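Asks: Below is one structure. I have some questions about it.
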Amino acid sequence: MRILYGVQGTGNGHITRARVMSTVLAKAGVEVDYLFSGRTPDRYFNMEPFGDYRTRRGLTFFTDAGKVQLAKTLFGNSLLQLWRDIKSLDVRGYDLVLTDFEPVTAWAARRQRVPSLGIAHQYAFCYRVPGTKTAPWLKPALKLFAPVDQAIGVHWHHFDAPILPPLIEPPSFTVSTRAKEVLVYLPFERLDDICYLLQGFPEYRFLIYAAVEAQQEARNLVIKPFSREGFQRDLASCDGVMCNAGFGLCSEAMQAGKKLLIKPLANQIEQEANARALADLGRARVMKRLEPAAITRWLDETNPDPLLWPDTASALVDWLLDGRQEPIASLSQRVWADRLPELQSSTS
């Protein structure tokens, strides 16, 4: 079986899912080529699992100070270049195009009539999940952005829909807790704003991952460059996580049993819906802006029990190799039934 796997590179959560899937696909002997779009090639890091991957411009959004800049996003993307990339991508040599909300591969498969499958958090929004009730336009927009023959959404709860659990690797490091050490990943906020705010809590140590060339230290702050291994090590040992409402990191934090303080990216429906879901599930505190009062209340809270997700990736690859014969609803019920007691009690 030969697969072209398209991955939206705007957020690291898409890449995290692809990383998990790549390991299982490789063990199963599936031949996979990878294509990434949504960020400039120099901004990808720790991409070894994907071999000689390709990149395209694709589509992305532009942000400033924790908010999507709608006008810049509208005019900063090139639909002409997107169309050129779709037309020039030959996918006819593949048995399947698998896309994690990546538009170039999805539309190329549609044009050339190659079977396509979507596996992404965004496809969960085709159903009535928290945060989507006031956005009736969302489902057709998702289908327009990255159309597929068959779509599978992943989320933290099934919400009585054929949705699968997150695709997350088990913790890479032994989970522990260093008191008063907080992991911070707020890539859509201004670094100066983050530092100014967190210096007001001198009794805590904040590990901030940001777009810097080398590690910097200032008072109670440690500012670190992006590193998958370093980030996973700090995630395993921290006393809590402050982040935007991206799906991948929140899934990993819940798996490690870390309390979450999230600040959703404004004007971004996915993150706003994620914040609503996490609040409804009782798994995170939400702040609309960077504010000391919200941080003070959250720092005093204790860490919750871990949520150990099922092996969704292995179930999906087995399902693929079996010819995708089992209905998605049946696959969803079976995978959720495999959850551990901690997960079952939280999502029942």
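The values are calculated or read from the model by the stated rules, or taken from the named source; none is laboratory data. Since the structure is predicted, the reported quantities are computational estimates derived from the model, not experimental observations. No Cβ is skipped: glycine too gets one built from the backbone with ideal geometry, and neighbour counts run over all protein chains shown. For the accessible areas, the whole protein counts, side chains as well, though only heavy atoms, and no ligand, DNA or RNA atoms are used. Shrake-Rupley method; radii C 1.70, N 1.55, O 1.52, S 1.80 Å.
Asks: Is one or more of the residues making up region 127-144 in contact (Cβ under 8 Å) with a residue 40 or more places away in the chain, surrounded by fewer than 24 Cβ atoms within 10 Å (Cβ to Cβ), more than 21 Å from Ala275 (Cβ to Cβ) and not hydroxyl-bearing (Ser, Thr, Tyr)?
Replies: No: zero hits.
Asks: Given the structure, is Ala71 on the phi > 0 side of the Ramachandran plot, out of contact with any strand residue (DSSP E or B) (no Cβ under 8 Å at 6 or more places or on another chain) and not polar (S, T, N, Q)?
Replies: Spelling it out, it is not the case that Ala71 is on the phi > 0 side of the Ramachandran plot, out of contact with any strand residue (DSSP E or B) (no Cβ under 8 Å at 6 or more places or on another chain) and not polar (S, T, N, Q).
Asks: Sticking with this one: Give me the residue from region 51-94 that is under 30 Å from Val30 (Cβ atoms) and aliphatic (A, V, I, L, M) and, out of that set, surrounded by the fewest Cβ atoms within 10 Å (Cβ to Cβ).
Replies: Leu82
Asks: Could you give every pair whose Cβ atoms fall below 7 Å, whose first residue belongs to region 49-73 and is at pLDDT below 95, and whose second residue is crowded, with 19+ Cβ neighbours inside 10 Å and of a type in the set (Gly, Ala, Ser), counting only separations of at least 6 or pairs across chains?
Replies: Pro49/Ser22; Gly58/Ser37; Gly58/Gly38; Leu59/Gly38; Thr60/Gly38
Asks: I want to confirm something. Restricting to region 189-238 and keeping residues that are of a type in the set (Phe, Trp, Tyr) and under 24 Å from the mean Cα position of the chain (by Cα), which single residue is surrounded by the fewest Cβ atoms within 10 Å (Cβ to Cβ)?
Replies: Phe226
Asks: For region 323-348, give me the residue count where each residue is at pLDDT below 65 and not charged (D, E, K, R).
Replies: Qualifying residue count for the region: 8.
Asks: From the list Glu291, Glu252, pick out the single residue that is closer than 25 Å to Tyr204 by Cα, modelled with pLDDT under 95 and of a type in the set (D, E, K, R).
Replies: Matching residue, one of Glu291, Glu252: Glu291.
Asks: Going through Val148, Val97 one at a time, which residue ends up being in contact with a helix residue (DSSP H, G or I) (Cβ under 8 Å, 6 or more places away or on another chain), open to solvent by 20 Å² or more (accessible area, probe 1.4 Å) and of a type in the set (A, V, I, L, M)?
Replies: Val148
Asks: Also, I was wondering about something else. Quick one: which residue in Ala108, Ala120, Ala135 is at pLDDT below 95 and among the hydrophobic types (A, V, I, L, M, F, W, C)?
Replies: Being at pLDDT below 95 and among the hydrophobic types (A, V, I, L, M, F, W, C) holds for just one of Ala108, Ala120, Ala135, which is Ala135.
Asks: Another question about this same structure. So Ser22 clears everything in (1) over 26 Å from Ala245 (Cα atoms); (2) under 17 Å from the mean Cα position of the chain (by Cα) except one condition, right? Which one?
Replies: Of the numbered conditions (1) over 26 Å from Ala245 (Cα atoms); (2) under 17 Å from the mean Cα position of the chain (by Cα), the odd one out for Ser22 is (1).
Asks: May I ask you to list the residues in region 85-135 that are out of contact with any Leu (no Cβ under 8 Å at 6 or more places or on another chain), part of a loop (DSSP other than H, G, I, E, B) and more than 22 Å from Trp156 (Cβ to Cβ)?
Replies: Residues satisfying the conditions are Asp90, Arg92, Gly93, Asp95, Arg113.
Asks: Another question about this same structure. For Glu301, which of the numbered conditions (1) in contact with a helix residue (DSSP H, G or I) (Cβ under 8 Å, 6 or more places away or on another chain); (2) over 20 Å from Ile194 (Cα atoms) fails to hold?
Replies: The one condition Glu301 does not meet is (1).
Asks: So if I check each of Leu299, Leu320, Leu278, Leu316, which one is under 17 Å from the mean Cα position of the chain (by Cα), open to solvent by less than 30 Å² (accessible area, probe 1.4 Å) and at pLDDT 95 or above?
Replies: Of Leu299, Leu320, Leu278, Leu316, the one residue that is under 17 Å from the mean Cα position of the chain (by Cα), open to solvent by less than 30 Å² (accessible area, probe 1.4 Å) and at pLDDT 95 or above is Leu278.
Asks: Right, here's the next one. Looking at (1) under 27 Å from Thr312 (Cβ atoms); (2) open to solvent by 60 Å² or more (accessible area, probe 1.4 Å); (3) at pLDDT below 95, can you tell me which one Asp42 breaks?
Replies: The number of the failed condition is (1).
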